[in-house]
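Colleague: Sharing a structure here in structure tokens format.
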Amino acid sequence: MIIKGIKNVLAQTWSRFRRLMIYVRQHPFKSLLFAAIAGFCSLFLFFLVIYLGAFGKLPTKAYLKSLKNPVTSTIYASNKEPIGYYYLQNRSNADSSQIKPPLIQALVATEDSRFYEHRGIDYKSYARVLIKSIILQQNAGGGSTITQQVAKNLFGREQQFFLSTPINKIREIFIARRLESIYDKEDIILLYFNTVSFGENIYGIEKAAFRFFNKAPEELTLHESATLVGLLKAPSYYNPRNFPERAEQRRNVVLSQMLKYDYITPETFEEAQTPLKLNYQTPKKVSSFSAYFKDYVATEFALWAEDNPAPDGHIYDLEADGLNIYTTLNTNIQKYAEAALHRQADNLQKLMDTYWAAATTEGGREVLLQKLVDQNREVQQMRQSGRTEAEIAAFVKEKRKRKYWVIGKGFEEQMQSLEDSIAKSINRLHAGVIAVSSASGRILGYVGGIDYGFSQIDNVVTPRQVGSTFKPITYLAALQAGEDPCNYYDNNLITYSKYEDWRPRNSNNKYGGSYSMHGALANSINTVSVTLQLRTGTERVLDQAKKMGIGSELPNVPSIVLGTADISLLEMVTAYASISNGGNNVKPYAIDRIEDEQGNVLFEAKPRYEGRVASTENIKALQKMMEGVIREGTGSRLLGYEIPFNIIGKTGTTQNNGDGWFIACSPELVVGSWVGTFDKRVQFASTSMGSGANTALPIVASILKNLSYWKRPLLTNFKYDFDYFPCRPFVESNAAEAYEFAQTDSTYLQELRIKDTLAILQDKPIEIDSIQGIFPGEMPLDSIVKDSLAIDIDISKTNIE
């Protein structure tokens, strides 16, 4: 019946099409006229809906006028201290007196020869593109004028759900016409040169002139001006530093265009074709206070601005609207965080430079280094020119001055061999740390990396494998499913044939006996954690993670309990906040209030609570279990800092020690840190060095230690109805026997009380050294697998300056 209906519809459609074709053959001119009218009407409606803002509102004339004199927006910390400014970053400080005729002539001759004849749109150019590209099937280049390119530079191009290119082109036409009605030609040229990209993250002629020639724009010669204008066609492809031959060829094209339009004489044209010479200036950016946080605030602001347009309809712009952004950042906590991260990153890098490995490369670090040396351009050129392997080896080992980025200082020259330089570039450690109020979600401290000048990648929001820091989520889901902290589970090495013979191992590679649920979390026992994951069900665990604020897409696999999923530090800290505050899911935020230039309040934040994540009873049980991580488990190194509060937390270490994590909580605060390499071919040689307890924990501990000195403490203690779980963390027998034993074990609690009494009487701090990686007592390590390399390195005696 359905097939018959489809056949009828197709038959009717075919019949109508045949009648239409007959009409077209009988009335060709009338049909052509109807088609032209329909096409014109469709095109008119298309332009109209774009003009009316169906694909994004067009900037008003009032807003476009402000572009010439944008007003800086200021970002403030929670104490109203200014900590940064937002200005139109796509501009340099060049003024019209600095833009000399050769530069203008080179641009006009190359990009828009009829610039002074049109009013923003070059219809002849569009006709040329139409005829050559569509009719003759030739490459005719683009038809955009300089004014249209200014529109693109200022407002970018948005991805639409269809026809993105024509929609953006039409938007630029409307904006270009408005710009031409506001500014004269000289102002448009100036706007262009102050907003166009020259590659290498350079915007504006002033920065480009300095970067490539170490000159102010007004000092540029004719051939230097032509070089800079030439690279605008494709900044990466024609980069004069990386591809001097291409840049020189392109420069000559620009000069020939200037000759064609009589801006220069044949004699000048010949004189300007000299060999390209640069005076390249390496960028000397260094980290600025709260730079990563400033970027995060800008992202949060953009989301708000999109839903809250200004009264005149334009989208608020941090770089031009003169807004005052009051944030949640606590300047003291921020200073603690920056100091702790930079100190630990510096200390760990010294360790990494000596004890790095390449566990995923067959043959290890020597083979990886040799591969990278062989890929070096200079080495390849030596081989092509017939140099011997001995000569190449000597070149690779020869020490000379090479640029190396020093945290907080920028590039400095150091005596390094080529091999040293490559090793230091791939074994560079990165880090991030964030502190969030678990009660309100206010972000109190935020450091996204080791140095903003070196890397703008924000490690707080970049997803990475989280290691065992995910385990508390699985354990909470298990508690919600009916498991008990004093249930026991066999510590057996099991192969799961259902999951492609997956065989999860413990970090210490020890098996046998059984762990209680609280003991397994404290010691980060992978075998038991996987058992709990399978008993609870992955779907339930994924739902628990979502309830706790993790928005990343998580794989539906049991290995998720070991932290194989990529999740951001911000998301993990959000999840731990719900554990810290007693079970409420809070949304972290950075912007407290937004005011316009006149002081009118445009936005005021309120804490966002998004429901309960678990019962109060199970949250309390998990808090107590995570206290065990610090008291006797993988996080016990924190005890050495003598923080006078019962902090809870969890460590995490990923495969081959690629990532180290630690997240700690008080009832009011969550502090989390990540440390690792970007190049996952490289990692610490052993878990004793690369574990979260050795890399990330000292950063968090330093912040908490500083907070404990406050006269009016921010930190307080967790409160429980009991001192200890009434069951041992580990028993030598199997799970069934261990559970039976626990029911009649009358000595365990007494042993613990005696132990605590002796500790109080002794009152001796645990020795600790964050640089050399000395751990308090027999501290268990925490990793998905055991040490990635069979290396026994005693670093306790290593002398690191």
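Colleague: Computed from the mean reciprocal separation of all distinct C-alpha pairs, what Kirkwood hydrodynamic radius does region 625-712 have, in Å? Please report the intermediate quantities before stating the final value.
Modeller: Numbers: mean 1/r = 0.0757 Å⁻¹.
Hydrodynamic radius (Kirkwood, Cα pairs) of region 625-712 is 13.2 Å.
Colleague: Using DSSP to call loops (not H, G, I, E or B), can you name the trypsin sites (Lys or Arg not before Pro) in region 272-350 whose Cβ has at most 13 other Cβ atoms within 10 angstrom? Don't skip to the answer; put the middle values down first.
Modeller: On the way: sites: K277, K284, K285, K294, K335, R343, K350; in loops: K277, K284, K285.
Here the sparse-neighbourhood loop sites are K277, K284.
Colleague: Another question, then. Using each residue's phi in region 550-566, evaluate 6.51 cos²θ - 1.76 cosθ + 1.60 at θ = phi - 60° and report the 3J(HN,Hα) Karplus result to the nearest Hz, with x for Gly and Pro.
Modeller: 8, x, 5, 6, 9, x, 8, 9, x, 5, 4, 5, 8, x, 7, 7, 8
Colleague: Can I ask one more? I want the local charge near A339. Using Cβ-Cβ distances under 15 Å, sum +1 for each Lys or Arg and -1 for each Asp or Glu among the other residues. Show your work: numbers first, answer last.
Modeller: Details: positive: K335, R343, K705; negative: E338, D346, D451.
Surrounding charge for A339 is 0.
Colleague: What ³J(HN,Hα) values, in whole Hz, does the Karplus curve 6.51 cos²θ - 1.76 cosθ + 1.60 give for region 444-453 when θ = phi - 60°, with x put for Gly and Pro?
Modeller: 9, x, 7, 10, x, x, 6, 5, 5, x
Colleague: Where only protein heavy atoms count, and the probe is 1.4 Å, what is the accessible area per residue for region 594-702 in Å²? Please report the intermediate quantities before stating the final value.
Modeller: Details: 3210 Å² over 109 residues.
That works out to 29 Å² for each residue.
Colleague: Continuing with the same structure: Which of the peptides 702-711, 643-652 is most tightly packed, and how do the rest follow, going by the mean number of other Cβ atoms within 10 Å of each residue? List each step's numbers first, then the result.
Modeller: On the way: 702-711: 16.7, 643-652: 24.6.
For the peptides 702-711, 643-652, the packing ranking is 643-652, 702-711.
Colleague: Sticking with this structure for a sec: Highest mean first, how do 600-606, 620-626 rank when packing is the count of other Cβ atoms within 10 Å averaged over residues?
Modeller: On the way: 600-606: 12.7, 620-626: 23.1.
Output ranking for 600-606, 620-626: 620-626, 600-606.
Colleague: Something else now. From the phi of every residue in region 223-234, what ³J(HN,Hα) in whole Hz does the Karplus formula 6.51 cos²θ - 1.76 cosθ + 1.60 yield, where θ is phi - 60° and glycine or proline is x?
Modeller: Values per residue, Gly and Pro as x: 5, 5, 4, 5, 5, 5, 5, x, 6, 5, 4, 7 Hz.
Colleague: I'd like to check one number: the per residue accessible area of region 285-367, probe 1.4 Å, reported in Å² as a whole number. Provide the component values of the computation, followed by the final result.
Modeller: Working: 3410 Å² over 83 residues.
Ligands and nucleic acids excluded, the result is 41 Å² per residue.
Colleague: Enumerate the amide H contacts of L323 below 5 Å, restricted to partners 5 or more residues apart or on another chain; note that Pro and chain-start residues carry no placed amide H.
Modeller: S73, T74
Colleague: What are the residues whose amide H is under 5 Å from the amide H of F603, where those residues sit 5 or more places off or on another chain and H is modelled from the backbone?
Modeller: Under 5 Å from the amide H of F603: I594.
Colleague: Using Cα-only point scatterers and the Debye equation, what is log10 of I(q)/I(0) for region 304-446 at each q in 0.11, 0.15, 0.22 Å⁻¹, rounded to two decimals?
Modeller: Summing over Cα pairs of region 304-446 leads to -0.70, -0.91, -1.36.
Colleague: Using amide H atoms built in the peptide plane, which far-off residues or other-chain residues are under 5 Å from I83 H to H?
Modeller: I75, Y76, A77
Colleague: Any of K169/K233; K335/K606; K335/K547; K399/K424 with alpha carbons more than 21 Å apart? Name them for me. Walk me through the numbers before you get to the answer.
Modeller: Working: K169/K233 18 Å; K335/K606 25 Å; K335/K547 32 Å; K399/K424 14 Å.
Check vs 21 Å cut-off fails for K335/K606; K335/K547.
Colleague: A follow-up question, please. Averaged per residue, what accessible area in Å² does region 223-269 show with a 1.4 Å probe, protein chains only? Present the calculation step by step, with values, prior to reporting the outcome.
Modeller: Values: 2330 Å² over 47 residues.
Heavy-atom SASA per residue in region 223-269 reads 50 Å².
Colleague: May I pose another question? Say each of Y123 and T268 gets a label point 7 Å from the Cα, pointing the same way as Cα to Cβ; how far apart are those two points in nm?
Modeller: Each label point is offset 7 Å from its Cα along the Cβ direction, giving 3.3 nm.
Colleague: Can you give me the % of accessible surface on region 197-319 that is carbon or sulfur? Probe 1.4 Å, all protein chains present, nothing else counted. Write out the running numbers ahead of the final one.
Modeller: Values: 3150 of 6210 Å².
The nonpolar share, carbon plus sulfur, comes to 51 percent.
Colleague: Ranked highest first by the average count of other Cβ atoms within 10 Å around their residues, in what order do 472-478, 210-216 fall? It would help to have the intermediate numbers written out before the result.
Modeller: Values: 472-478: 27.6, 210-216: 18.1.
Highest to lowest by the protection proxy: 472-478, 210-216.
Colleague: Moving on. Is there a pair in K65/K207; K624/K719; K80/K711; K80/K294 whose C-alpha atoms are over 18 Å apart, and which pairs would that be? Mind dumping the intermediate values first?
Modeller: Numbers: K65/K207 24 Å; K624/K719 9 Å; K80/K711 22 Å; K80/K294 15 Å.
Pairs exceeding the cut-off: K65/K207; K80/K711.
Colleague: Same structure again: What FRET efficiency comes out for D745 versus T354 if R0 is 60 angstrom and r is the Cβ-Cβ distance? Round to the nearest 0.05. Provide the component values of the computation, followed by the final result.
Modeller: Numbers: r = 47 Å, r/R0 = 0.78.
It comes to 0.80.
The values are calculated or read from the model by the stated rules, or taken from the named source; none is laboratory data. Because the structure is a prediction, the values reported are computed rather than measured. Note that we place each Cβ from the backbone using ideal geometry, even for glycine, and neighbour counts take in every protein chain shown. Please note that ligands, DNA and RNA were not included when accessible areas were found on the heavy atoms of the full protein model with its side chains. Shrake-Rupley method; radii C 1.70, N 1.55, O 1.52, S 1.80 Å.
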